[in-house]
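Values in this text are rule-based calculations from the coordinates and carry no lab data. Quantities reported herein were computed from a predicted structural model and do not represent experimental measurements. Here the Cβ is made from the backbone with ideal geometry for all residues, glycine too, and neighbour counts use every protein chain on show.
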């Protein structure tokens, strides 16, 4: 689950129409602050949430930087802690047995201990080890949130400060009505990662541009500004760490600002790749399959003027995109796309074919494995692409691809 920071822990300023998040510098004082919060969590390993919550409240109650301290603690809670229920008896079973016995005997408060003692003896008959009265009493409500035990995977103070600064920037986007992202010419594979996260977070988008000059991606926000919702803005916030994996980019956003007196303003929040923010998302793998990795390795050993680029081209299909596995570029300016269709399930192949049909790109080479178990209907659909298909068994040979690339029209003649 991708988590964000609650609004009560956000700190930002609004001046001259610009919204600026509060950031903690990587200095000695802030590192000591982060280390203090970390030490508190480490000291409560194996103890209950209630004990940790009480310690955090005591630590932050009189502090002037309450939101910063609780924000740091929230990030540790949500991203570095695991919680478990440990009890001698299943809490549900323990409650049912003890309450049933209490209903039958109607003990007084003075006899409650004796009742638990007797019930512990009864429950011990079905257990490998005897259950004590104290263990039974502790089991009664061991499944409640505040009684859960804490296990911490402790990060560094530096990580905690970096994560806090990113969370503050993300929080501004909760009330964004629109985002415009310009992804300039970037390293191969980064565009695909970007669109993977756009799809993951369900963000509506429009794209313009080309792989050489870059792409402009407009992300639409809530349709009504009179009743703004943070639900879609949270999706914007979750997208920001993915953007940080792109080498060269800029972001402009329109923010609905609420003042303490109830009035509203529209502000701007802008970022570029020069930001010091760091992503905590996975950057993904360079290759999606051994087929692609093997092809790229073989291609690198050829003496050819053609250059192989990995997942750098986007084909706009209206509402979605297709990102071919490779682009082949010749010094004379000719450009050809390559999609490798290897060992995939039937549903995946159907989706892939729908995208290929929608693209209408005669500059696209389809390398199709003969080991695919193609149904009759799928085989018929592929027939229309016979002039663009290379069939291969185990290994896709780069020389075959280049031979076909020479015959196909260049993608330079097809506008994005």
If you take the beta carbon distance between residue 297 and residue 204 as r and set R0 to 41 Å, what does 1/(1 + (r/R0)^6) give as a FRET efficiency, to the nearest 0.05? 0.60
For the residue 389, residue 268 Cβ pair and Förster radius 41 Å, calculated FRET efficiency rounded to 0.05 is 0.25
What distance in nm separates the simple spin-label points at residue 61 and residue 180, each placed 7 Å from Cα in the Cβ direction? 5.1 nm
Run the simple label-point estimate for residue 213 and residue 51 please: 7 Å along Cα→C-beta, distance reported in nm. 6.4 nm
Mean shadow of the range 1-65, computed from the convex hull of its alpha carbons, in nm²? 6.8 nm²
Quick check on the exposure proxy: order 7, 275 from fewest to most C-beta atoms within 10 angstrom. 7, 275
Label model pair residue 95, residue 276: point-to-point distance (7 angstrom along the Cα→beta-carbon line) in nm is 4.9 nm
Assertion target for 218, 368, ordered by fewest C-beta neighbours within 10 angstrom first, is 218, 368
